[in-house]
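What follows is one structure encoded as structure tokens, with my remarks underneath.
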Amino acid sequence: MPATPSHDVPDAQLIARCIVADDRHAFAELVKRHQSSVRACLRKLTAGNHALADDLAQDTFVLAWRNLKSFRQEARFSTWLYRIATNCWLAQARKPREELLGERDADVGEDDADAVAPGFGEGADHAATATMKIDLERAMARLSDAERAAIVQCYHNDLSHEEAAYVLGWPVGTVKTHILRGKQKLKAALSAWAPATSTRTP
Amino acid sequence: MNARSTPIPEPQADWLDAFLSAEGVDDRAGYIGDDGFTARVMQELPAPVSVPAWRRPVVVALWLVAAVVIATMLPGTVLDVTREFVRLFAAIPFSLSTLGFGIVAVSIAMWTATAVALRRD
């Protein structure tokens, strides 16, 4: 696993250096710190399209640099980045659907191969969990953009409903509604994995 | 933004909640390696605005030229304005504390202007 960057200097101090002294080394440090979470979030939002997610992540950080002076510390820096990333993704999502999902199947296929092939000595539980993850990814891809965005912010990024509302630019009630609808669809798509079936395999 | 509202528990969806939460924890624990991503972002940033070194002296010289031109073209007006300024300030009685305060105020203004100019450069 790659080494995670150390957080000796607080984000706020690095941001101040960027704004006051146009310090690009400080911004590079911020990118190193947050690239993983932003790229992971975008990979979820683009339903596994890693290439598109990385392009959007790049746009996100460039926009963050340009708008750093408007960051008012009213939210955490990571939450602010999620907001920009989500806006980039929503702008991209307005483009034709086939362009957005063009590479997804291939990417999911690669992930499937990685996920389904467990290491030596790992049991059936691991394979079942991997299969469930794939099913979840496919079910997430079938949600509407709004439902997927709300679920990704609250579960994947572990944001509160209020923080998700800030990121998505929606009222809290709308976020809750989309989460509820999304979960209903996921529950239907993943019903085979419900505990009522008593077994973990569909 | 730190106040968290707990999702309303749905008995039927508890297993899904638990699974989504566990997925989120797994995903957050997994770090995506940089692999040149930061370098690509830094290349995409707009180039820093560089102000040429000759700009400031040229601006000062242009202002001086403009002042000389105005003084040459409108000598009467310049003399009148100067006279009024002298009369205005001569009418105000200066104490030592007022003078000190004025010097401090002018110094602060100069330092601030210099700091702003250096920051922009």
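Points to keep in mind about this one:
- Test result for B:ARG56, among the charged types (D, E, K, R), at the interface with another protein chain (Cβ under 7 Å from one of its Cβ atoms) and either closer than 17 Å to A:VAL38 by Cβ or in contact (Cβ under 8 Å) with a residue 40 or more places away in the chain (or both): no
- Qualifying positions in the range A:5-28 - part of a helix (DSSP H, G or I) and within 9 Å of chain B (Cβ to nearest Cβ): A:VAL20, A:ALA21, A:ARG24, A:PHE27, A:ALA28
- Counting only helices (runs of 4 or more DSSP H) that sit wholly inside the range B:26-121, those with at least 3 residues that are of a type outside the set (S, T, N, Q), within 30 Å of A:ALA16 (Cα to Cα) and open to solvent by less than 90 Å² (accessible area, probe 1.4 Å) are B:37-44, B:96-120.
- Filter result for the condition that a residue is over 21 Å from A:GLY48 (Cβ atoms), at pLDDT below 90, within 12 Å of chain B (Cβ to nearest Cβ) and open to solvent by 50 Å² or more (accessible area, probe 1.4 Å), over A:ALA189, A:ALA196: A:ALA196
- Matching residues, the range A:5-38, being over 22 Å from A:ASN87 (Cβ atoms) and among the polar types (S, T, N, Q): A:SER6, A:GLN13
- A:LYS176 falls short on exactly one of the conditions (1) within 11 Å of another protein chain (Cβ to nearest Cβ); (2) part of a helix (DSSP H, G or I); (3) under 24 Å from B:ALA29 (Cα atoms), and that condition is (3).
- Subset of the range A:150-173 that is part of a helix (DSSP H, G or I) and over 19 Å from B:ASP17 (Cβ atoms) - its residue that is nearest to the other protein chains (Cβ to nearest Cβ): A:TYR166
The values are calculated or read from the model by the stated rules, or taken from the named source; none is laboratory data. Predicted model, so just to flag it, every value in this text is computed and none were measured. Neighbour counts are summed over all protein chains in view; Cβ atoms, including those assigned to glycine, are modelled from backbone coordinates with ideal geometry. For accessibility, only protein heavy atoms count, side chains too; no ligands or nucleic acids. Shrake-Rupley method; radii C 1.70, N 1.55, O 1.52, S 1.80 Å.
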